[in-house]
1. Taking R0 as 22 Å, what's the FRET efficiency between Ser38 and Val58 from their Cβ-Cβ distance, rounded to 0.05?
2. Can you give the Rg and Dmax of region 3-70 based on its C-alpha atoms, in angstrom?
3. Give the cross-link partners of Lys49 among the lysines, using a straight C-alpha distance below 20 Å as the criterion and excluding same-chain residues fewer than 8 apart.
Amino acid sequence: MSDTFQIVDTREEILKILEKRGAVLQKDLWKELNIDSSKCSRILRKLEKEGLIRRVEVVVDGVKTFKIVPAGEEEEEEEEELDLKAIMERMEDITGLAPCFGCLETDCEANSCLKLEVWFLRRCYTS
């Protein structure tokens, strides 16, 4: 089967999934369709240009992804709850900065901060 037919079939499958379920995360689509993420992105960009879908940027578990929404469907505005703990842990892992960097505690003292103590011990025993 040629690549053109596979893309047409995949486009149709995507539209059927969206018709059945409504909004779907992009990563869930490519996993379900068993295609690579870049191929899925190309197809979705074409569908978006044609006005058949909308790609809405969202953050899931601290990672940016897209929610795919059928074009005719009004997406309910939902207040996304930020998972600050997950975001801070990810920042600590990436930057290596102490939790104090983004701490929201205003009356915390470093010599009695459990978060700082755990961070320090993790750094000492995993390095």
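Readers should treat all values here as calculations from the given coordinates under stated rules, not as data from a laboratory. All values reported here derive from a predicted model rather than from experimental measurement. All Cβ positions, even for glycine, are placed from backbone atoms using ideal geometry, and neighbour counts span all protein chains on display.
1. Step by step, r from the Cβ atoms, then E = 0.70.
2. 11.2, 36
3. Filter leaves Lys16, Lys27, Lys39, Lys67.
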